[in-house]
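The values are calculated or read from the model by the stated rules, or taken from the named source; none is laboratory data. As the structure is a computational prediction, the values presented were derived from the model and not from experiment. Backbone-built Cβ (ideal geometry, glycine too); neighbour counts: all protein chains shown. Accessible surface is based on the protein model in full, side chains and every heavy atom, while ligands, DNA and RNA are left aside. Shrake-Rupley method; radii C 1.70, N 1.55, O 1.52, S 1.80 Å.
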Amino acid sequence: MGHWLQRNIIEPGKLPLLLALAAFVLTFVITRTVTRLIRAGRGPFGNVEAGGLHIHHVVPGVILTVVGGFGAVAGGRNGFGSALSAVVFGIGAGLVLDEFALILHLDDVYWTEAGRQSVEVVVLTAALVGLVLAGFSPFGVNDLSEDELQNRAGVALNVAGNFLFSLIALSKGKARIAVFGVIVPVIAVFGALRLARPGSPWSRRFYRNRPRARAKAVLRAYHHDLRWSAPRRAVQDWIGGRPDPDPPRPVERG
């Protein structure tokens, strides 16, 4: 284990990234545990308030992210300062992304259906950082040979091609595949070749006069969502907690 850590993490200078990822995941787990205990009325925890104002944990998260980020830039890649800055940055990022939905909606949607977006972003971020830590580089430049690396035109063409596949996948409404495709190009190629999701920019532009393709895309999206919606929601509930049920809408009287 020590040899693997030395060869694959410390020597390539990835120790700060590993520490940041560990602090990020641990902070998210602790934060979700505390908030779920507060929600259930258990334990000694409670909301932080100042003068009647509820202080969301995104506030200290932003401060720690700024401090850790500037500390990492100033401290270089090695030494205790770099490691400490990475941990501080990871803690801050965990606190911030745990309330990503609040930032996106500018509303306290933590325990609502919209609050699931925070869990999705945290899981996606952890997965992407884990891939980078494992040795994957954006747009797959790490897959080039030594001769190709010396050829700048080849590198530029490889990056441009992978970026194009990711962009096509994104335009087809496959945001997760597009993001992962930035790190693992094969995933982007898969997303670019598949049918676009209904309502996506690609579907509106290229399926407008192709009713068969449009109908096939709708049917495939329906079966995909039917198959994966329930398992995805179950995992999100297990990680972040079950959201509150939507309040009943008032009955309109004519």
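Springs join every pair of Cα atoms under 10 Å in this Gaussian network model of the chain, and among L84, L226, L102 the largest mean-square fluctuation is at L226.
Entry for the range 1-130 at q = 0.20 Å⁻¹: log10 I(q)/I(0) = -1.15, Debye formula applied to identical alpha-carbon scatterers, no solvent contribution. Of the solvent-accessible surface of the chain, computed with a 1.4 Å probe over protein heavy atoms with every protein chain present, carbon and sulfur atoms account for 66 percent. Each label point was placed 7 Å from the Cα along the Cα-to-Cβ direction; for Y222 and V59 their separation is 4.9 nm.
Distance from the alpha carbon centroid of the range 8-23 to that of the range 80-126 works out to 20 angstrom.
Peptide packing: for 171-180, 10-19, 194-203, 88-97, the average count of neighbouring Cβ atoms within 10 Å per residue gives the ranking 88-97, 171-180, 194-203, 10-19, highest mean first.
For the range 55-135, just run the numbers: alpha carbon Rg, then divide by 2.2 N^0.38 Å, N being how many residues it has. Walk me through the intermediate numbers first.
Details: Rg = 14.1 Å, N = 81, 2.2 N^0.38 = 11.7 Å.
Cα Rg divided by the expected 2.2 N^0.38 Å: 1.21.
What accessible area per residue, rounded to a whole number of Å², is obtained for the range 1-99 using a probe radius of 1.4 Å? Spell out each step's value before the answer.
Details: 5960 Å² over 99 residues.
In whole numbers, the range 1-99 has 60 Å² accessible per residue.
Which of the helices in the chain meet the span-like rule: DSSP H, Cα axial reach of 20 Å or more, Kyte-Doolittle mean at least -0.5? Can you show the working numbers first?
Details: long enough: 15-40 (37 Å, 1.66); 58-75 (25 Å, 1.98); 80-98 (27 Å, 1.73); 116-134 (27 Å, 1.71); 152-171 (28 Å, 1.35); 211-240 (40 Å, -0.80).
Once both thresholds are applied, what remains is 15-40, 58-75, 80-98, 116-134, 152-171.
The alpha-carbon atoms of the chain, seen along their principal axes, cover 64, 61, 31 angstrom, with the largest extent given first. Here is how the number arises for the chain: DSSP H runs of 4 or more residues each give -39500 (n - 2.57), the sum is divided by the residue count, and the result at 222 nm is -22000 deg cm²/dmol.
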